[in-house]
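A.B. asks: Quick one: this structure, given as structure tokens, is what I'll be asking you about.
Just so it is clear, none of the values below were taken in a lab; they were calculated from the coordinates. Everything numeric in this text was worked out from a predicted model, so none of it was measured. Here the Cβ positions follow ideal geometry from the backbone for every residue, glycine too, while neighbour counts run over all protein chains shown.
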Amino acid sequence: MISFNETGLNPTLLRAIEELGYETPTPIQEQTIPLLLTTPGDVIAFAQTGTGKTAAFGLPVIQQIDSSSPVTQALILCPTRELCLQITNDLVNFAKYQSGIRVVPVYGGASINEQIKQLERGAQVVVATPGRAVDLIQRKRLKLNHVSWLVLDEADEMLSMGFKDDLDTILSGTPDTRQTLLFSATMPAEMMAIANKYMCQPFEISVGKKNQGADNVSHEYFLVHARNRYEALKRIADVNPKIYGIVFCRTRAEAKEVADNLIRDGYNADALHGDLSQEQRDIVMNRFRIRHLQLLVATDVAARGLDVNDLSHVINYNLPDDPEIYIHRSGRTGRAGKKGISISIIHQKEKGKLKDAERMLGKKIEYKPVPSGKDICEKQLFNLVDKMENVEVDSARIDQFLPVIYKKLEWLSREDLIKRFVSVEFNHFLDSYKNAADLNIEVGGKADYESRSARNGKNDFNGKADRFAKSGRGKRVAYTRFFMNLGKKDQVDKRSIIDLINQYMPGKSVEIGQIEVLKSFSFVEIDNRFERDIQRAFSRVQYKGKRIGLESARPKGF
């Protein structure tokens with residue numbers, strides 16, 4: 001391992017990072033900083049969130065900026081307002097002793113006129129969210145003709161948020177001579193396409209394997225019935241008294257419901273979702289950052305770009321459909337060399353998704369039994385004893401009250417006194433878990449979903465068999481599950497799919513069952529009497545210029 005003195009950074013930057021407490025480079029910094037200071041070529045760097053990426057690209061870029069010229073020389077793109085402000089703050093701290101360098105953040109949700117004024121004063125470095133950057137480019141306020149460094153930070157996140165068109169606009173508008181730096185945790189196909197189109201023989205740096213979770217994050221799952229999911233969440237929180245983490249939910253309504261229930265049950269929690277105003281969001285995030293909240297309940301969209309240090313846990317209240325999102329979630333803990341835990345609360349139908357996440361992680365997600373009432377009471381008791389043992393005693397203030405306290409408690413023995421003080425805080429846990437039920441489902445036992453599916457002819461997520469159900473007309477219909485290569489990123493929803501089927505199957509009374517629209521593809525159930533008809537009908541159909549692929553989701557042999 002090298003020191004920062006050996007990376008090629010100038011004395012003013014070394015002085016700034018020393019004051020910030022930087023001691024030795026992280027692996028991504030050790031590989032990236034010397035390379036960017038000596039090589040003008042493009043770079044793709046794979047590293048998890050929290051590995052020091054901002055310093056990896058920020059320090060060499062700041063060192064090479066021409067502070068005598070006010071034009072924009074570096075453009076750094078990131079997915080969210082929070083990350084934009086965090087990167088800006090870090091760069092300003094790095095450039096503390098580099099006179100004349102101005103770093104300006106531009107992002108949606110704030111006054112564009114004020115941001116225009118900032119740009120007009122001169123900004124050698126602009127940190128931007130893609131949508132606001134395009135807006136300012138179109139207004140001819142953000143000028144790209146002198147950009148020498150273009151950084152895409154958390155590029156996979158930007159693509160998953162639907163910024164591909166904005167990125168194309170920005171990348172095509174910068175000089176061909178620029179150095180493009182792409183930082184990402186995963187490498188989806190869309191990002192590879194951007195790299196092939198806009199980068200020239202990029203040098204690749206990888207800290208860990210592509211699309212793989214951080215080594216210092218352990219992965220666990222709890223298997224419960226869906227109806228017991230919230231109770232399992234409470235037990236996880238109770239058995240970890242010092243928990244400080246994010247609980248990920250699928251929808252904003254679910255996030256709000258879970259947070260409301262936690263608050264009602266006495267936990268320090270709140271929700272972060274798309275219905276909050278920016279002011280409300282800032283208040284919640286500030287409370288979480290200063291640890292007035294132990295649990296932040298959030299959707300993936302609301303949590304993108306959040307940068308909170310020292311999270312002990314990430315909890316998947318629902319497993320995401322895309323295993324890459326699982327990796328992003330888990331990467332929010334175990335940062336800066338610290339250990340973290342990624343927990344998933346799943347029911348039987350989600351075991352297939354768990355396997356997908358394991359394959360991408362390259363490691364096993366370990367099964368854990370849901371804590372029993374006894375486990376929780378024991379953990380809480382020892383935590384209380386530790387707090388009492390380590391509490392700071394302010395004798396100067398408390399001594400004046402002690403004679404009265406001694407007098408009042410003198411009839412109690414030492415043992416009784418300890419029991420009563422412990423019981424003051426501990427009794428509610430004893431009451432809560434007095435008759436606590438076992439929430440665990442036997443793994444691989446009789447309750448196993450796959451065996452139930454095979455016996456009952458039901459269709460699980462992987463389409464193991466045709467599903468029988470009653471139609472809206474009361475008829476018993478056998479459905480075939482189809483895979484369709486259109487998803488949310490193609491701007492389709494359930495209504496769009498129904499309209500397509502009705503359009504290309506005119507005059508036929510086709511029963512449509514369940515429709516599941518995911519990020520890049522969808523599943524749709526069709527009356528199996530029309531299986532061949534619908535495949536023929538869609539064999540040459542396009543949707544917004546994209547050829548539709550429609551095929552049975554049943555594995556071979558079914």
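A.B. asks: Towards the positive end of the charge dipole of the chain, with charges on Cβ (+1 Lys, Arg; -1 Asp, Glu), say which of PHE46, HIS146, SER520 has the farthest Cα.
C.D. replies: Final value for the positive-end residue is SER520.
A.B. asks: Specify whether the C-alpha gyration tensor of the range 186-344 places it in the rounded, prolate or oblate class, a ≥ b ≥ c being the square roots of the eigenvalues: rounded for a/c under 1.5, otherwise prolate if a/b is larger than b/c and oblate if not.
C.D. replies: Prolate, because a/c is 1.5 or more and a/b exceeds b/c.
A.B. asks: Return the distance in nm (one decimal) between the two label points of a simple spin-label model at ASP375 and LEU518, each offset 7 Å from Cα along Cα→Cβ.
C.D. replies: It works out to 3.0 nm between the two label points.
A.B. asks: What order, most packed first, do the peptides 101-109, 338-346 have when packing is the mean number of other Cβ atoms within 10 Å of each residue?
C.D. replies: Ranked by mean Cβ neighbours within 10 Å, highest first: 338-346, 101-109.
A.B. asks: Something else: Compute the distance in nm between two label points, each set 7 Å from the Cα along the Cα-to-Cβ direction, one at ARG227 and one at LYS339.
C.D. replies: About 3.7 nm separates the two model spin labels.
A.B. asks: Follow-up question, since we're still on this one. How much FRET efficiency would the formula 1/(1 + (r/R0)^6) give for ALA396 and SER3, where r is the Cβ-Cβ distance and R0 is 56 Å, rounded to 0.05?
C.D. replies: Here the calculated transfer efficiency is 0.75.
A.B. asks: Let me ask you something else. What FRET efficiency comes out for ASP499 versus GLN138 if R0 is 35 angstrom and r is the Cβ-Cβ distance? Round to the nearest 0.05.
C.D. replies: Step by step, r from the Cβ atoms, then E = 0.60.
A.B. asks: Separate question: How much length would be gained if the chain were fully extended between LYS407 and GLU366, taking 0.36 nm per residue of separation minus their Cα-Cα distance, in nm to one decimal?
C.D. replies: Taking LYS407 through GLU366 to full extension adds about 9.4 nm, to one decimal.
A.B. asks: Taking θ as phi - 60°, what are the ³J(HN,Hα) couplings along the range 510-527 by the Karplus curve (6.51, -1.76, 1.60), each to the nearest whole Hz, with x for Gly and Pro?
C.D. replies: With coefficients 6.51, -1.76 and 1.60, one gets 8, 7, 10, x, 6, 10, 10, 9, 10, 4, 10, 7, 9, 10, 9, 9, 10, 3 Hz.
A.B. asks: Tell me, in nm to one decimal, what length is gained between LYS546 and GLN64 on full extension, where the rule is 0.36 nm per residue of separation less the Cα-Cα distance?
C.D. replies: In short, 169.2 nm is gained.
A.B. asks: Using 7 Å Cα-to-Cβ label points, what is the ASN196/ASN268 separation (nm, one decimal)?
C.D. replies: Result for the modelled spin labels: 5.0 nm.
A.B. asks: Would you work out the charge dipole size for the range 374-432 about its Cα centre, treating the Cβ of every Lys and Arg as +1 and the Cβ of every Asp and Glu as -1, and quote it to the nearest 20 debye?
C.D. replies: Using Cβ point charges on Lys, Arg, Asp and Glu, the range 374-432 gives about 200 debye.
A.B. asks: Treating only the Cβ atoms of Lys and Arg (+1) and Asp and Glu (-1) as charged, compute the dipole magnitude of the chain about its Cα centre; round to the nearest 20 debye.
C.D. replies: The dipole magnitude comes to about 2080 debye.
A.B. asks: Please state the charge dipole magnitude for the range 311-414, taken about the Cα centre, from unit charges on C-beta atoms (+1 on K and R, -1 on D and E), reported in debye and rounded to the nearest 20.
C.D. replies: Here the range 311-414 has a charge dipole of around 300 debye.
A.B. asks: Let me ask another. State the label only: which of (i) 70, 54, 53; (ii) 90, 77, 44; (iii) 76, 51, 49 corresponds to Cα extents along the principal axes in Å computed from the shown model?
C.D. replies: (ii)
A.B. asks: Among 10-18, 327-335, how do they line up from the highest to the lowest mean number of other beta-carbon atoms within 10 Å?
C.D. replies: Final packing ranking: 327-335, 10-18.
A.B. asks: Based on other C-beta atoms within 10 Å, arrange TYR326, TYR317 from fewest to most.
C.D. replies: TYR317, TYR326
A.B. asks: Past 24 Å, Cα to Cα, is the threshold; run LYS339/LYS387; LYS242/LYS364; LYS349/LYS494 against it and keep the listed order.
C.D. replies: LYS242/LYS364
A.B. asks: Please say if the range 22-97 is rounded, prolate or oblate, where rounded means a/c under 1.5 for a ≥ b ≥ c the square roots of the C-alpha gyration tensor eigenvalues, and otherwise the choice is prolate for a/b larger than b/c and oblate otherwise?
C.D. replies: Rounded shape, in that the Cα axes give a/c under 1.5.
A.B. asks: While we're on this one: What's the exposure ranking of TYR406, TYR367, TYR22, going from fewest to most Cβ atoms within 10 Å?
C.D. replies: With the fewest neighbours first, TYR406, TYR367, TYR22 line up as TYR406, TYR367, TYR22.
A.B. asks: Using the alpha-carbon centroid of each, what span in Å lies between the range 57-109 and the range 138-167?
C.D. replies: When both Cα centres are located, 14 Å separates them.
A.B. asks: Decide, for the range 257-318, between rounded, prolate and oblate: order the square roots of the alpha carbon gyration tensor eigenvalues as a ≥ b ≥ c, take rounded if a/c falls under 1.5, and otherwise choose prolate if a/b is larger than b/c, else oblate.
C.D. replies: rounded
A.B. asks: Taking the dipole about the Cα centre of the chain, with the C-beta of Lys and Arg at +1 and of Asp and Glu at -1, give me whichever of ASN268, ILE441, HIS328 is farthest to the positive side.
C.D. replies: Of the candidates, ILE441 comes out farthest on the positive side.
A.B. asks: Which of the peptides 275-283, 410-418 is most tightly packed, and how do the rest follow, going by the mean number of other Cβ atoms within 10 Å of each residue?
C.D. replies: With the highest mean Cβ count within 10 Å placed first, the list reads 275-283, 410-418.
A.B. asks: Hey, another quick one. Suppose R0 equals 41 Å. What FRET efficiency, 1/(1 + (r/R0)^6) with r the Cβ-Cβ distance, do PHE483 and SER277 give to the nearest 0.05?
C.D. replies: 0.55
A.B. asks: State the answer as a single residue: which of HIS292, SER413, SER395 lies farthest towards the positive end of the charge dipole of the chain, with beta carbon charges of +1 for Lys and Arg and -1 for Asp and Glu, about the Cα centre.
C.D. replies: HIS292
A.B. asks: Quickly estimate the mean residue ellipticity at 222 nm for the chain, helices only: each DSSP H run with n ≥ 4 gives -39500 (n - 2.57), and the total goes over all residues, rounded to 500.
C.D. replies: -12000 deg cm²/dmol
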